[in-house]
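Visitor: Before anything else, here's the structure in question.
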Amino acid sequence: MIACARESAAGQPQLTFVEGDFLAVELPRAEYDFVCSVTTIHHMDFETALVRMRELLRPGGTLVVVGLACEASVTEWAALIAAAPIVRITKVLRRARGPQGMPVADPQMSYGQVRAAARRLLPGVRYRRHVLRRYSLTWEKPAR
């Protein structure tokens with residue numbers, strides 16, 4: 001994925017790419033204006049990753065997570081079934097295929113578990129559930 005990112009960013013020397021374990025690599029704490037995770041957090045321990053992202057963010061910075069979750073409650077299953085026609089039409093129109101060259105992992109947490117953990121770790125977080133089995137978290141780190 002780093003190779004793809006470097007290729008996409010060709011001609012932009014101000015960008016730096018770091019390859020390593022996100023949870024262990026040395027990164028400056030409280031230095032980032034924006035931290036974003038797109039369909040990757042379910043590959044890690046959710047709470048550990050969320051805390052790490054929170055720590056990297058400077059006061060006033062914004063964290064955005066787009067993640068995948070699984071259905072565990074009747075309400076979550078009902079939402080999946082209700083959205084199924086929209087999801088199918090969207091995939092056909094977009095000619096969607098599986099991710100090429102990316103590691104794949106099934107989510108282990110339900111939408112309810114994600115929402116509860118995020119609210120506990122990120123007070124004031126905005127949680128939204130989306131079609132295509134996605135959810136998003138948006139949080140601004142309080143200014144000092």
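The values are calculated or read from the model by the stated rules, or taken from the named source; none is laboratory data. Note that the structure is predicted; figures quoted are calculated from it, not measured. With ideal geometry, Cβ positions are generated from the backbone for all residues, glycine too; neighbour counts draw on all protein chains shown. For accessibility, only protein heavy atoms count, side chains too; no ligands or nucleic acids. Shrake-Rupley method; radii C 1.70, N 1.55, O 1.52, S 1.80 Å.
Visitor: Relative to the present Cα-Cα distance, how much length would full extension add between ALA79 and ALA116 at 0.36 nm per residue of separation?
Guide: Gain on stretching ALA79 to ALA116: 11.5 nm.
Visitor: Given only helices, namely DSSP H runs of n ≥ 4 each adding -39500 (n - 2.57), what is the per-residue ellipticity at 222 nm of the chain, to the nearest 500 deg cm²/dmol?
Guide: Numbers: 4 runs with 50 residues, N = 144.
Per the formula, -11000 deg cm²/dmol.
Visitor: Would you work out what percent of the accessible area of the chain, with all protein chains in place, is carbon or sulfur (probe 1.4 Å)?
Guide: The C+S portion of the solvent-accessible surface of the chain is 56 percent.
Visitor: If you count only protein heavy atoms with a 1.4 Å probe, what accessible area per residue comes out for the chain, rounded to a whole Å²? Numbers along the way, then the final one.
Guide: Numbers: 9650 Å² over 144 residues.
For the chain, the per-residue accessible area is 67 Å².
Visitor: If one computes P(r) from the Cα atoms of region 18-82, what percent of pairs lie at distances over 16 Å?
Guide: Value for region 18-82: 55 percent of Cα pairs lie more than 16 Å apart.
Visitor: Here is a further query. What ³J(HN,Hα) values, in whole Hz, does the Karplus curve 6.51 cos²θ - 1.76 cosθ + 1.60 give for region 119-135 when θ = phi - 60°, with x put for Gly and Pro?
Guide: 5, 6, 8, 10, x, x, 4, 9, 10, 9, 9, 10, 6, 6, 6, 10, 9
Visitor: If you count, for each residue, the other Cβ atoms within 10 Å and average over each peptide, how do 57-67, 85-95 line up from highest to lowest?
Guide: 57-67, 85-95
Visitor: I need the calculated FRET efficiency for the pair ASP45 and ALA3, taking r as the beta carbon distance and R₀ as 25 Å, to the nearest 0.05.
Guide: Computed FRET efficiency for ASP45 and ALA3 comes out at 0.45.
Visitor: Stokes-Einstein D for the chain at 20 °C, 1.002 mPa s, Kirkwood Rh over Cα pairs, in µm²/s?
Guide: Working: Rh = 17.0 Å.
It diffuses with D of about 126 µm²/s by this estimate.
Visitor: Quick one: dipole size for the chain, taken about the Cα centre, charges +1 on Lys/Arg Cβ and -1 on Asp/Glu Cβ, in debye to the nearest 20.
Guide: Dipole magnitude for the chain comes out near 660 debye.
Visitor: Could you sort TRP139, TRP77 by their accessible area in this structure, using a 1.4 Å probe and putting the largest first?
Guide: The residues order as TRP77, TRP139, largest area first.
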